[in-house]
1. Karplus couplings for the stretch 129-137 from phi (6.51 cos²θ - 1.76 cosθ + 1.60, θ = phi - 60°), rounded to Hz, Gly and Pro as x?
2. Compute, for the stretch 188-297, the length of the dipole vector about the Cα centre, with Cβ point charges of +1 (Lys, Arg) and -1 (Asp, Glu) only. Units Debye, rounded to 20.
3. Mind running the shape call on the stretch 185-226? Use the C-alpha gyration tensor, a ≥ b ≥ c as the square roots of the eigenvalues: rounded below 1.5 for a/c, prolate if a/b tops b/c, oblate otherwise.
4. FRET efficiency for Trp233 and Trp184, Cβ-Cβ distance as r, R0 = 30 Å, nearest 0.05?
5. So how far apart, in nm, are the two label points at Trp65 and Leu275 if each is 7 Å from Cα heading toward Cβ?
6. Grab the other residues whose beta carbon is less than 14 angstrom from that of Cys35, score K and R as +1, D and E as -1, and report the net.
7. Could you list, bin by bin from short to long, the percent of Cα-Cα pairs of the stretch 188-297 in 10 Å steps?
8. Which ³J(HN,Hα) values, rounded to whole Hz and listed in residue order, are derived for the stretch 52-68 from phi using the Karplus coefficients 6.51, -1.76 and 1.60 in 6.51 cos²θ - 1.76 cosθ + 1.60 with θ = phi - 60°, glycine and proline given as x?
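Throughout, read-outs are computed from the coordinates displayed, never taken from laboratory work. Just so it is clear, the structure is predicted and the values come from calculations on it, not from any experiment. Using ideal geometry, Cβ is built from the backbone for each residue, glycine included, and neighbour counts are taken over all protein chains shown.
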Amino acid sequence: MSTIAYADPKAPAPTLGSLGSADEEHQARVRQAACVPLIIMIGVNLIFFVHFWLPETSRFPTSHWWLTQLAPLASKALTSSGESQVEAQDGPWGLTALLLLAASFAVFGVCRSPRLWLGPWLMAVPTIVGLVSALLIVIALIISGGLTASMVSVLLLILWFVAAGFATVGKIFDAAPPVRPKTWRHGLPLLAAYAIIGPIPTAVGRWLFAPELREVADTLQNNEIALRLAALWAPVTGLFYLSGLLVGITVWVAYQWWPPRERVAALSLALVGLLVLIGLLGWPTSNIASDRVSILESASPQGRPLRPVRSRLNSRARRRWPSTVAWPRSA
């Protein structure tokens, strides 16, 4: 004989689950995709930053071609004090490049946040801003006839939108990932790459403490090969690298510190100590760089060291052979 069983009346009511996949693997892909727009924009602007503040790298093969291809994605205000490094930078790219960079930071921050603190649909605003900026860049390239000369930028813009769109959609429709405490390993590979690629921290140090040395180095690029690198092959370059490396470490510690969760006191002391150390190192670095600028801007001292040497030789010869040798007057 069959029986009828009733459900538990105290059972919780069913809820509407997330529309997308909430597994950890998919969430990891979303976080990785959110890094792509930021890597594209920071990488392009770093190329222009190093090329401007280290003019000694201007002889790198195909550097002009790469700068022309990537010009629409670089901000002159951030990388080269408003100066155009190639003709392609004379277009209306300044504001759109800044908007793309800001949108990249916003996509990264929003998509890696553990909470939907903006609401589900306001999270799409950074991606929409980046899309509008990318469309304006492409339209301007088509109108000016520079689409072929900047095709690499167009491909990077497509990759930017695909990665940002995937990360944003995944963040909106997936469940919020659990909060994971940061460890010292977070961001450490990027810091190691920053330290290994020496021109980047060196350019940061020269930008901070010796912008006048950059002007001298740029002037020397049309000189002989021995003098072309005179502003770079100097002891002060090591101080530039060390200063720039400390700046990178400071940024890494700040990333560990925000948002404040654990180890706040220790990280705060580390930030203050690093800022003080950068200031203490910057003072002798700036003084040594000023001396180097004075040497490179002065007239050639080729004949000066020879005068005392010739005078000493003449005096010794006169004492030894006073009547047989007629020495010329020292210059």
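1. Along the stretch 129-137, the couplings run 4, x, 5, 4, 4, 5, 5, 4, 5 Hz.
2. About 400 debye.
3. oblate
4. 0.25
5. Between Trp65 and Leu275, the simple spin-label model gives 4.6 nm.
6. Once positives and negatives cancel, what remains is +4.
7. Result, from short to long distances: 14, 38, 28, 13, 5, 1 percent.
8. Couplings: 7, 7, 10, x, 5, 8, 5, 7, 4, x, 6, 5, 5, 5, 5, 5, 5 Hz.
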